[in-house]
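Input: a single structure, listed below in structure tokens.
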Amino acid sequence: MAKVLVAYATRAGETKKIAELIAEGLRFGLAEVELKDAAEIKSPEALGGYDGYVFGSATYHGEMLPSMKQLLFLGEKADLAGKVGASFGAYGWSGEAPERIFETMRHIFKMDMVGDSLRLKAASLDGAVPMAQGYGKQVGAKLA
């Protein structure tokens, strides 16, 4: 069974809710999922031992949250090349964070990325639940 880390940085709780839905989708695909707040990850070694990585952050003033930036700096020192990756995030107006995370994972970490990033305004809006769970299923299918 594939083991996946879903790490998120949230400001108002929406990105965490989306992370939980993505984790559900991964579990539907029989992946073992560890869900963590990005602020809990303190070293490159803490990123080891996973087959796939899904990183997400809310967009605030056009940027990802500082704890996700810190996680990405740690990711540069971890050996993530070739691992399956995906990114997501909640946003109010612009939504740049998920795409910036995605591009960092693809170009800097050299990860095997799933399709495109997932951007949702809120986990409770129409269609958000199946979209987030479906994104988790996509990651699980790529790991299979």
The listed residue being farther than 17 Å from residue 5 by Cβ and hydrophobic (A, V, I, L, M, F, W, C), out of 125, 72, 118: 125
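Quick check, is residue 48 surrounded by fewer than 23 Cβ atoms within 10 Å (Cβ to Cβ) and not aliphatic (A, V, I, L, M)?
Yes; evaluated as a whole, the condition is true for this residue.
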Residue selected from the stretch 16-43 under the condition assigned to a helix (DSSP H, G or I) and β-branched (Val, Ile, Thr), by the criterion farthest from residue 4 (Cα to Cα): 18
Filter result for residue 46 (free of Cβ contacts under 8 Å to residues at least 40 places away in the same chain and either closer than 15 Å to residue 138 by Cα or outside any loop (DSSP other than H, G, I, E, B) (or both)): yes
Failed item in (1) at pLDDT below 95; (2) in contact with a Gly (Cβ under 6 Å, 6 or more places away or on another chain), with residue 11 passing the rest: (2)
Residue in the stretch 109-118 that is in a helix (DSSP H, G or I) and among the β-branched types (Val, Ile, Thr) present: no
Single residue of the stretch 49-79 satisfying the filter (of a type in the set (Phe, Trp, Tyr), part of a strand (DSSP E or B) and modelled with pLDDT of 95 or more) that is nearest to residue 119 (Cα to Cα): 55
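Yes/no matrix, rows are residues, columns are (1) in contact with a strand residue (DSSP E or B) (Cβ under 7 Å, 6 or more places away or on another chain); (2) at positive phi; (3) hydrophobic (A, V, I, L, M, F, W, C):
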position: 16; (1), (2), (3): yes, no, no
position: 22; (1), (2), (3): yes, no, yes
position: 30; (1), (2), (3): no, yes, yes
position: 34; (1), (2), (3): yes, no, no
position: 41; (1), (2), (3): yes, no, yes
position: 54; (1), (2), (3): yes, no, yes
Evaluation of residue 61 against (1) without any contact (Cβ under 8 Å) to a residue 24 or more places away in the chain; (2) closer than 19 Å to residue 136 by Cα; (3) of a type outside the set (A, V, I, L, M, F, W, C) (one fails), failing number: (2)
Among (1) closer than 25 Å to residue 30 by Cα; (2) in contact with a Pro (Cβ under 7 Å, 6 or more places away or on another chain), the one test that residue 78 misses: (1)
Matching entry among 90, 97, 86 (being modelled with pLDDT under 95, surrounded by 20 or more Cβ atoms within 10 Å (Cβ to Cβ), of a type in the set (Gly, Ala, Ser) and touching a Gly at 6+ places or on another chain (Cβ under 9 Å)): 90
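Every residue, every condition in (1) out of contact with any Leu (no Cβ under 6 Å at 6 or more places or on another chain); (2) among the hydrophobic types (A, V, I, L, M, F, W, C); (3) free of Cβ contacts under 8 Å to residues at least 40 places away in the same chain, yes or no:
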residue	(1), (2), (3)
38	no, yes, yes
50	no, no, no
65	yes, yes, no
82	yes, no, yes
92	yes, no, yes
110	yes, no, yes
132	no, yes, no
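The values are calculated or read from the model by the stated rules, or taken from the named source; none is laboratory data. Here the structure is a predicted model, which means the values were calculated and not measured. Don't worry about glycine lacking a Cβ; one is built from the backbone with ideal geometry, like all the others, and counts go over all protein chains shown.
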